[in-house]
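In what follows, a structure is listed as structure tokens, so that the remarks can point back to it.
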Amino acid sequence: MNFSELGLDQGVMDALEYMNYGQCTPVQEKAIPPVLNGDDVIAVAQTGTGKTAAYLLPILSNLNRYRYPTDAINCVIMAPTRELAQQIDQQMQGFSYFVDASSVAVYGGGEGTDFAAQERGLRQGADVVIATPGRLLSHINLGYVDLSQVSFFVLDEADRMLDMGFYDDIMAINKLLPDDCQKILYSATMPPKIQQLAEKILWNPVMVRIAISKPAEKIHQQCCICHQAQKTPMLIRFLKKFYGGREDGFVKDELLHNPERRVVVFVSRKADVRDVVLGLRKKGFQVAAMHSDLEQKDRDEVMNAFRAGRTNIIVATDIVSRGIDISGIALVINYDMPHDLEDYVHRIGRTARADRDGESLTLVSCDDRRDLRKLAALEKFIDKTMVRIAVPDELGGCDYQKDKQTTFKNKRNSNEDKSQPRHKSGNRHRRHHSPRHTADTGSASPKATDHSDSA
């Protein structure tokens, strides 16, 4: 379906045309009409499906089409991380180019001047506030934030916010909103805690569910079944090959510094990130760490260096598996098996964006039966058998099938021994609502679109 068929405001359509947007994604086609109609919406859709536009476009369309307060906050969009808030703010600026709507991005980790700019935007009543829960509450607690006239409340990546412990913050902000505020909740998954949240804050919502998509067909998916101690040597070996290396360790410099050869290595535990980073740096790779314990300014420096090509490899926890769209990521490596199947899709979905080719490698520990079970379930889920990469003999090899047979044989012998008669002295074992606005038939003086307060 084309955006022109959805009934969006002409100012929004002008911006879409300017940005060369044509066809809707499935989530946009299904979610935009009920948002335009004033319904509460709960949408289950993955990152990368166009969900940000699915709520920004209809909200901006209504803000431009109808009469809303000119000196009040009309929309609050909550995001779990600073990085996602920044990304939403960037899209907001593009979509609102021909629309009479101002915005301010509110998140932590900046300088004192950033906080002052956020305060100024909140006091003046920016139309759209894009915020992380903790930082918005900090401003609210200082007494100058009025949410009594908010008409739209959006929770983006709600499941991630709950995982990060923001439930109480969300509910505290929700209590400050008017009863007839339209609420929109987006989540990549639908666990019971999201259902409970939806029941508490949404009224008679329209459900939009986009099936979990399989990884892009252009991702060449590979796995290596190895011993835990072999993971780092296999990681180094694979990266050398990826960057044009030879057995002597030579790496082509022009590839190592190519911004289109970016790599993300996902590690499950923050404690392991440092060890992997140090191991790669010893081999001459440009690598940086990314996890939630870093100060915000350090996280910004890492991401800016990665975008600019000064760092080509990031070793990260799942903090960057969702909501971060960086072009030129050509390879994703799962140093550890992801927690669940959806995490795998989110992780490797960082590559093969915009119809490009991509590559992924998953290291599976044959020392952990759970990893092997996860691999079988994962291949069934994606309906594909990953290309197997063998551990070379110089690294000790890893014939896990042989290891499994040996383990089974030893276990069987052990059971046979136990089945023999024991000596007598042996021990025994035992709401649907209407939008709060009216058609703008007058000639109220428009507000100047202002993004100067956006961080």
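What is the set of long-range amide H partners of VAL154 at a cut-off below 5 Å, with H atoms built 1.01 Å from backbone N?
VAL76, ILE77, MET78, ILE184
What are the ³J(HN,Hα) couplings of segment 175-184, residue after residue, when phi is run through the Karplus curve with 6.51, -1.76, 1.60 and θ = phi - 60°? Round to Hz, x for glycine and proline.
Values, residue by residue: 5, 8, 8, x, 5, 8, 5, 6, 10, 10 Hz.
Please list the non-local residues whose amide H lies under 5 Å from the amide H of ALA43, H modeled 1.01 Å from N, same-chain partners needing a gap of 5 or more.
Residues meeting the criterion, in which the H sits 1.01 Å from N, are LEU185, TYR186, SER187, VAL208.
Tell me, what ³J(HN,Hα) does each residue in segment 131-140 have, in order and in whole Hz, if you take phi through Karplus 6.51 cos²θ - 1.76 cosθ + 1.60 with θ = phi - 60° and put x for Gly and Pro?
Using θ = phi - 60°, the values come out as 9, 8, x, x, 5, 5, 5, 4, 5, 4 Hz.
Hey, how many Å between the Cα centroid of segment 72-111 and the Cα centroid of segment 1-57?
Their Cα centres are 17 Å away from one another.
Can you order the peptides 327-337, 360-370 by their average number of other Cβ atoms within 10 Å per residue, highest first?
327-337, 360-370
Quick check on my link table: of LYS282/LYS384; LYS218/LYS283; LYS193/LYS214, which ones sit more than 32 Å apart, alpha carbon to alpha carbon?
Cα-Cα > 32 Å for LYS282/LYS384; rest within.
Sequence-distant or interchain residues sharing an amide H contact under 5 Å with ASN334, placed H: which?
Residues meeting the amide H criterion: PHE266, LEU361, THR362, LEU363.
Taking each pair of distinct Cα atoms in segment 10-165 once, what is the resulting Kirkwood hydrodynamic radius in Å?
Result for segment 10-165, one decimal place: 16.0 Å.
Per residue of segment 390-397, what does 6.51 cos²θ - 1.76 cosθ + 1.60 with θ = phi - 60° give for ³J(HN,Hα)? Whole Hz please, x for Gly and Pro, Karplus curve as stated.
7, 7, x, 4, 5, 9, x, x
Which order, highest average first, do 115-124, 80-89 follow once you tally other Cβ atoms within 10 Å for each residue and take the mean per peptide?
In decreasing order of mean packing, 115-124, 80-89 become 80-89, 115-124.
Return the aspartates and glutamates within reach of LYS175: Cα separation strictly under 13 angstrom, same-chain partners fewer than 8 residues apart disregarded; answer none if there are no such residues.
Cα-Cα hits under 13 Å: ASP146.
For a protection proxy built on the mean count of beta-carbon atoms within 10 angstrom, sort 277-284, 340-347 highest first, please.
340-347, 277-284
None of the figures in this text is laboratory data; all of them are computed from the coordinates on show. Computed from a prediction, not measured in an experiment: that's the story for all the values here. Ideal geometry is used to build each Cβ from the backbone, glycine not excepted, and the neighbour counts take in all protein chains shown.
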